[in-house]
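Take a look at the structure set out below.
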Amino acid sequence: MNILKVTEEPSRYRHLEKMTIEEITAHINREDQLVALAVEKALPYLNALINAVVRKLQHGGRMFYLGAGSGGRLSVLDVIEMPTTYGVPKGLLNSVLAGGTDHLVEAREEMEDDTEEGWKQLQLQQISKNDIVIGISASGTTPFVLEGLKQCRQHGIATGCIVSNPGSPIAAQADFPVEVITGPEFVTGSTRMKCGTAQKMIFDIISTTTMIQLGRVEDNRMVNVALINNKIIDRAVKMLMIKADIRDYEAAKELLMAHGSVRKALDHLSART
C-alpha cells in the first residue's frame, strides 16, 4: 500500500549545519508550537478512543500500548507512573515494546520489523476481548505494531492507534484511529522530535483523563498517590490537612501513614462521623 508519508518529507529548513545555535533553537521551537495544534485537530478521535478505554477498564479489562521506537519507549514511561501517581494496580495499563521493556535503553530498532513478536507478547499477557490495544507508530506502517493489531482484530479485541501519517495501514486496523499530522520534522525523518512530542502529549491526555474518569482524582488532587518518598508524603499531608480541615501537621501525617493514602484517610474520617 502506498501512503502519504508526511513524516518522511524533507525538512522545511535547509543547511542546518550552517545555522547558529540561536537560529536552530528558534526554528525547533517554532515547529514545536505546531504540535499542540495538530493534537487539537485530533481531539474528537482521541476522545472516542479514551471513551473506549474507560469503558473497558470499568468492566474489568486492561489497556495495552503496542509500540516500537521512540513512541513505544514513551508509552512505557507513561505506564510505569500510573500505580504510583494514581494508586491503580500494576497491569491495569500496560506497554508492549518491540525488543521488550527490559531493553528500554538499548533502542533495539531492528525489532520493529518482527511481524510475530507483538502478538506473541500480547498472548503472554493473556490478552482477551475484555482488553483494548493501542498501536503506536509515527509512520503508521511499523510491522511489529501492524501485525499485532491485525491479530487483535481477528480475535475480536478492540483496537486503537496513534499515528502521524494519514491513511496508514495501522489506522486501517484500528477501531479508534487517532491521526496526529505534525508535518515534516526539523531534521528530515527524525520522528523522535515533533511526532515524539505529540505522542507524549497524547499519552498524558489518555492516562490523565482515564484516571479522572475512573475516580482516581478528587477535585484537582491526586488523592490516591502512593506514598513513595518524602516530597510526596509532604504533599499528601498538606492535601489531607486541607480536605479534612486538620491544623496539626504531625497529626495529619500520622493519620495518612496509618491508612496509606489521602483517600483512605478521608474514608476513615467519614466512617467515624
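The values are calculated or read from the model by the stated rules, or taken from the named source; none is laboratory data. None of these values were measured; they are calculated from a predicted model. Note: ideal-geometry Cβ built from the backbone for every residue, glycine included; neighbour counts use all protein chains shown. Side chains included, ligands, DNA and RNA excluded: accessible areas come from the protein's heavy atoms. Shrake-Rupley method; radii C 1.70, N 1.55, O 1.52, S 1.80 Å.
Which percent of Cα-Cα pairs in the range 166-207 sits in each 10 Å bin, short to long?
Going out from 0 Å in 10 Å bins, the range 166-207 shows 26, 48, 25, 0 percent.
With Cβ to Cβ distances under 12 Å as the rule, what net charge do the other residues near Val223 carry (K, R +1; D, E -1)?
Net charge around Val223: +3.
Going by accessible area, probe 1.4 Å, with all protein chains left in place, what is the ranking of Asp234, Asp113, largest first?
From most exposed to least exposed: Asp113, Asp234.
If each of Lys18 and Ala36 carries a label point 7 Å out from its Cα toward its Cβ, how far apart are those two points in nm?
With each label placed 7 Å out from Cα toward Cβ, I get 3.3 nm.
How do the peptides 54-60, 182-188, 226-232 rank, highest first, by the average count of neighbouring beta carbon atoms within 10 Å per residue?
182-188, 54-60, 226-232
Please give the peptides 64-70, 252-258 ranked by average Cβ packing (other Cβ atoms within 10 Å per residue), highest first, as a rough proxy for protection.
Top to bottom by mean Cβ count within 10 Å: 64-70, 252-258.
At 0.36 nm per residue, minus the direct Cα-Cα distance, what do Ala48 and Asn29 gain on full extension? Give it in nm, one decimal, please.
Separation in residues times 0.36 nm, less the Cα-Cα distance, equals 3.8 nm.
Please give me the summed charge of the neighbours of Glu9: other residues whose Cβ is under 15 Å from its Cβ, Lys and Arg +1, Asp and Glu -1.
Net of charged neighbours comes to +1.
Measure off 7 Å from each Cα along the Cα-to-Cβ vector at Asn229 and Glu9, then give the distance between these two points in nanometres to one decimal.
Result for the modelled spin labels: 4.2 nm.
Amide H to amide H under 5 Å from Thr159: which residues, 5+ apart in sequence or cross-chain, H placed 1.01 Å off N in plane?
Placed amide hydrogens put Val133, Asp175, Phe176 under 5 Å from Thr159.
Not counting ligands, DNA or RNA, and with a 1.4 Å probe, what is Phe176's accessible surface area in Å² rounded to the nearest 10?
Its heavy atoms expose roughly 50 Å² to the probe.
Among Gly148, Leu43, Pro89, whose Cα lies farthest out toward the positive end of the dipole of the chain, if unit charges sit on the beta carbon of Lys, Arg (+1) and Asp, Glu (-1)?
Result: Pro89, furthest along the dipole toward the positive end.
Quick check: net charge around Asp175, other residues with Cβ under 13 Å of its Cβ, Lys/Arg +1 and Asp/Glu -1?
+4
log₁₀ I(q)/I(0) of the range 70-221 at q = 0.13 Å⁻¹, via Debye over equal Cα point scatterers, no solvent, to two decimals?
Per q value, in the given order, log10 I(q)/I(0) is -0.59.
Can you work out ³J(HN,Hα) from phi for every residue in the range 229-234, in order, using Karplus 6.51 cos²θ - 1.76 cosθ + 1.60 and θ = phi - 60°, giving whole Hz and x for Gly and Pro?
Computed from phi, the couplings for the range 229-234 are 7, 5, 4, 6, 4, 4 Hz.
Over all directions, how big on average is the projection of the convex hull of the alpha-carbon atoms in the chain, in square nanometres?
Projected over every direction and averaged, the Cα hull of the chain covers 17.4 nm².
Please give the solvent-accessible surface of Glu17 in Å², to the nearest 10, using a probe radius of 1.4 Å with every protein chain present.
Counting only protein heavy atoms, Glu17 exposes about 140 Å² to solvent.
When the convex hull of the Cα atoms of the range 152-229 is projected onto a plane and the area is averaged over all directions, what value comes out in nm²?
8.2
Alpha carbon centre of the range 26-73 versus the range 202-233: separation in Å?
Each part's Cα centre sits 18 Å from the other's.
Across 5 Å bins from the origin, how do the percents of Cα pairs in the range 181-273 run, short distances first?
P(r) over the range 181-273, rounded to whole percents: 2, 13, 18, 16, 12, 8, 8, 7, 6, 5, 3, 1, 0.
Which whole-Hz ³J(HN,Hα) couplings does the range 208-225 yield from phi under the Karplus relation 6.51 cos²θ - 1.76 cosθ + 1.60, θ = phi - 60°, glycine and proline marked x?
So the J values, rounded to whole Hz, are 5, 4, 4, 5, 5, 5, 8, x, 8, 10, 10, 6, 10, 10, 7, 6, 10, 4.
For the chain, set up a Gaussian network in which alpha carbons nearer than 10 Å are linked by springs, and say which option among Gly148, Gly215, Gly61 fluctuates the most.
Top of the fluctuation ranking is Gly215.
Using modelled backbone amide H atoms (1.01 Å from N, in-plane), which distant-in-sequence or interchain residues come within less than 5 Å of Val96's amide H?
Excluding prolines and chain starts, which carry no amide H, the hits are Tyr65, Leu66, Gly67.
Kindly write out, for the range 56-72 in residue order, the coupling ³J(HN,Hα) from the Karplus curve 6.51 cos²θ - 1.76 cosθ + 1.60 (θ = phi - 60°), rounded to whole Hz, with x marking Gly and Pro.
Each residue of the range 56-72 in turn: 4, 5, 5, 9, x, x, 10, 10, 10, 8, 10, x, 9, x, 4, x, x Hz.
Just report the Cα centroid separation between the range 236-265 and the range 136-166, whole Å.
That distance is 44 Å.
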